[in-house]
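Here's the structure we're looking at; comments come further down.
The values are calculated or read from the model by the stated rules, or taken from the named source; none is laboratory data. This one's a predicted model, so the numbers in the text were calculated from it and none came from an experiment. For neighbour counting, all protein chains shown are included, and Cβ atoms are generated from backbone atoms with ideal geometry for every residue, glycine included.
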Amino acid sequence: MRHHKLALCEECYLEWFPEQTKRAIERYRMFGPREKILVAVSGGKDSLSLWDVLLRLGYRADGLYIHLGIDGKGYSDRSLNYVEKFAARFWGASFKVVDVKALYGKSITELAREKLRGRKICSLCGLVKRHEMNRLAYEGGYDAVATGHNLDDEAATLLGNALRWQAGYLARQAPVLPSTHPKLARKVKPFCRLYERETAAYAILRGIEYIYDECPFAIGATSIFYKEILNQLEVHSPGTKLQFYLGFLRAREEGLFSKAMEGLELGECEKCGQPTTAPKLCAFCRLWES
Ligand code: Q46
Ligand code: ZN
């Protein structure tokens with residue numbers, strides 16, 4: 001790990017990685033040892049490694065798989081398979097599956113076919129995922145929702161937001177998003193300081209089987225392009241991604257974007273009851289109603 005000026009053997013790496021995760025959880029006050037955590041698992045290396053690490057660290061972490069019905073070669077079915085395999089191998093791992101089509105009548109692919117109207121499928125998919133994660137967290141009495149976003153994800157998002165100076169998005173990009181409404185779950189990203197290569201190395205060394213393919217809709221996404229650019233910078237100057245992200249977090253903590261968070265009043269959606277800034281229906285309910 002040139003960025004840390006550190007080289008570890010397998011045994012030490014498997015100790016180092018959970019220790020780094022624990023430090024991030026404590027440093028950003030993500031959750032305490034007794035809190036109930038819902039881990040959003042996709043079947044990929046990051047989320048399954050996160051679930052593994054949280055369970056090993058002794059946290060009360062249950063999985064949530066949202067079956068989106070992404071059907072390129074049965075992508076969602078294959079992803080679910082890896083989640084099931086993980087849970088079967090890891091004693092005590094319990095998880096829930098939410099099937100979007102079974103619940104709402106259409107898969108993400110079908111919904112996108114009808115309702116995209118210039119919107120990218122990922123923005124629609126993200127909206128559905130956020131809604132369902134929050135709903136399940138509230139209904140299950142969880143204290144926080146944890147996602148497997150790694151440093152590469154966070155740095156790419158940051159680059160995209162900074163290129164357009166989107167103050168609102170920058171203000172809301174953080175390792176912890178506190179709950180600002182009784183029905184809004186706290187969101188945490190325990191891997192935000194770990195490189196994608198590091199989460200992949202952990203999954204491989206730990207023998208976690210995961211889906212290698214990207215979601216077919218991710219192909220050509222701008223975020224992938226940003227990741228490539230950041231990787232080039234990283235080759236020339238190891239540690240760039242980490243400095244970029246940590247420098248941003250410091251500026252954020254010092255209040256650089258705090259004005260952008262002012263005046264965000266949350267009400268409740270008239271249909272599903274979830275928190276929303278919209279006057280009547282939340283974006284999720286508007287999507288299915290239109
Ligand atoms: S699952 Fe959904 Fe992602 Fe696929 S459609 Fe886009 S947002 S890429 S993380
Ligand atoms: Zn709603």
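Summary table
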quantity: Residue under evaluation V235, criteria (1) within 30 Å of E10 (Cβ to Cβ); (2) within 16 Å of ligand 1 (Cβ to nearest atom); (3) loosely packed, with under 13 Cβ neighbours inside 10 Å; (4) hydrophobic (A, V, I, L, M, F, W, C), criterion not met; calculated: (2)
quantity: Any pair with Cβ under 6 angstrom, 6 or more apart, that starts in region 264-284 at a residue that is away from ligand 1 (no atom under 16 Å from the Cβ) and ends at one that is not in a loop (DSSP other than H, G, I, E, B); calculated: L266/P275; C269/T276; C269/C285; K271/C285; C272/C285; C282/T276
quantity: Which numbered condition A88 misses (of (1) touching a residue at least 40 places away in the same chain (Cβ under 8 Å); (2) away from ligand 1 (no atom under 11 Å from the Cβ)); calculated: (1)
quantity: Boolean, L136 is more than 16 Å from ligand 1 (Cβ to nearest atom), crowded, with 17+ Cβ neighbours inside 10 Å and outside any helix (DSSP H, G or I); calculated: no
quantity: Residue among Y212, Y245 that is closer than 25 Å to Q20 by Cα, aromatic (F, W, Y) and surrounded by fewer than 17 Cβ atoms within 10 Å (Cβ to Cβ); calculated: Y212
quantity: Region 112-132, subset over 12 Å from F284 (Cα atoms) and more than 11 Å from ligand 1 (Cβ to nearest atom), residue surrounded by the most Cβ atoms within 10 Å (Cβ to Cβ); calculated: K115
quantity: Any hit, region 53-65, residues being closer than 17 Å to A201 by Cβ, in contact with a Pro (Cβ under 8 Å, 6 or more places away or on another chain) and surrounded by 14 or more Cβ atoms within 10 Å (Cβ to Cβ); calculated: yes
quantity: Some residue of region 250-265 being more than 23 Å from the chain's Cα centre (by Cα) and surrounded by 12 or more Cβ atoms within 10 Å (Cβ to Cβ); calculated: yes
quantity: Scope region 139-157; condition assigned to a loop (DSSP other than H, G, I, E, B) and either surrounded by fewer than 16 Cβ atoms within 10 Å (Cβ to Cβ) or in contact with a strand residue (DSSP E or B) (Cβ under 8 Å, 6 or more places away or on another chain) (or both); matching residues; calculated: G140, G141, Y142, D143, T147, G148
quantity: Criterion (within 26 Å of A218 (Cα to Cα) and out of contact with any helix residue (DSSP H, G or I) (no Cβ under 7 Å at 6 or more places or on another chain)) met by exactly one of E19, E35, E15, E84; calculated: E84
quantity: Residue list for region 19-74, filter: within 16 Å of ligand 1 (Cβ to nearest atom) and touching a strand residue (DSSP E or B) at 6+ places or on another chain (Cβ under 7 Å); calculated: V39, A40, V41, S47, L50, L64, Y65, I66, H67
quantity: Qualifying residue in region 188-203 (condition: modelled with pLDDT under 95, surrounded by fewer than 16 Cβ atoms within 10 Å (Cβ to Cβ) and basic (K, R)); calculated: no
quantity: A221 being within 26 Å of L111 (Cβ to Cβ) and among the aliphatic types (A, V, I, L, M); calculated: yes
